[in-house]
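The values are calculated or read from the model by the stated rules, or taken from the named source; none is laboratory data. Quick caveat: nothing in here was measured; it's all calculated off a predicted structure. Glycine gets a Cβ as well: all are built from the backbone with ideal geometry, and neighbour counts include every protein chain shown.
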Amino acid sequence: MESNHLEEAPGECQEVLARLYTFLDGELTEERRIKIRRHLDECSPCLEAYEFEAELRQMVANRLRDRVPDVLRLKISALIKMERTS
Ligand SMILES: [Zn+2]
């Protein structure tokens, strides 16, 4: 059921998921942060995705103490998507 979330997510979920990285980077306006926070409180699949992303970042940051190359990040998230949809 949750495995199809990314493909079948309604508009608001798509928007939240698309902005997760920016949200984690703290580069959003206050208004948008509040909107996303509120959505995460109500939508557990998005919250799960957010927590996973946050954890992953923390883990990588601890190991590398440097910016993760985008290529690596994309590879990891592709793997995660594959795992979730299989
Ligand atoms: Zn959602």
- Message: Condition check: on the phi < 0 side of the Ramachandran plot and modelled with pLDDT under 80. Does residue 41 satisfy that?
- Response: no
- Message: Suppose we keep only residues that are surrounded by fewer than 11 Cβ atoms within 10 Å (Cβ to Cβ) and not in a helix (DSSP H, G or I) within the range 7-52. Which one would you say is nearest to the ligand (Cβ to nearest atom)?
- Response: 10
- Item | Candidates 33, 67, 57, filtered to the one that is over 16 Å from residue 84 (Cα atoms) and at pLDDT below 85 | 67
- Message: I'd like the full set of residues that are within 18 Å of residue 19 (Cβ to Cβ), touching a residue at least 24 places away in the same chain (Cβ under 8 Å) and among the hydroxyl-bearing types (Ser, Thr, Tyr), limited to the range 39-86.
- Response: 50
